[in-house]
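Before any comments, here is the structure.
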Amino acid sequence: MVLKPVQDMLYRINAEWNPEDRCWIATSDDLPGLVTGADSLDELVSRLRAIIPDFLEVLGNPTGRVEFVLQTSELEAVQLAA
């Protein structure tokens, strides 16, 4: 499979918290087959920075600068004063 050329390409990566395994899981519709996980979002970004170039190389895409945005479904809450 050959994806679009990487020039001006922004890949969207979805990150979801898996409460059962207590880790973040990353997948992408833009990069079918990409799946990785980590205990924290910072670690997940580091893993993605390491594997995306290798992933694109295996798919036969050219080298160069690639950008990705990490979209999370993290829910935050704050307690309001009574």
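For 34, 41, 80, the ranking by accessible surface with the largest value first comes to 80, 41, 34, using a 1.4 Å probe. With each label modelled as a point 7 angstrom along the Cα→C-beta vector, the residue 65-residue 25 pair spans 3.4 nm.
Note on residue 69: accessible area approximately 50 square angstrom, rounded to 10, probe 1.4 Å, nucleic acids and ligands left out. Under a 5 Å amide H cut-off, with hydrogens placed 1.01 Å from N, residue 72 pairs with 15 among residues at least 5 apart or on other chains. Length gained on full extension, residue 10 to residue 78: 21.2 nm, using 0.36 nm per residue less the C-alpha separation.
The values are calculated or read from the model by the stated rules, or taken from the named source; none is laboratory data. Here the structure is a predicted model, which means the values were calculated and not measured. No Cβ is skipped: glycine too gets one built from the backbone with ideal geometry, and neighbour counts run over all protein chains shown. With ligands, DNA and RNA removed, areas are computed over all heavy atoms of the protein, side chains included. Shrake-Rupley method; radii C 1.70, N 1.55, O 1.52, S 1.80 Å.
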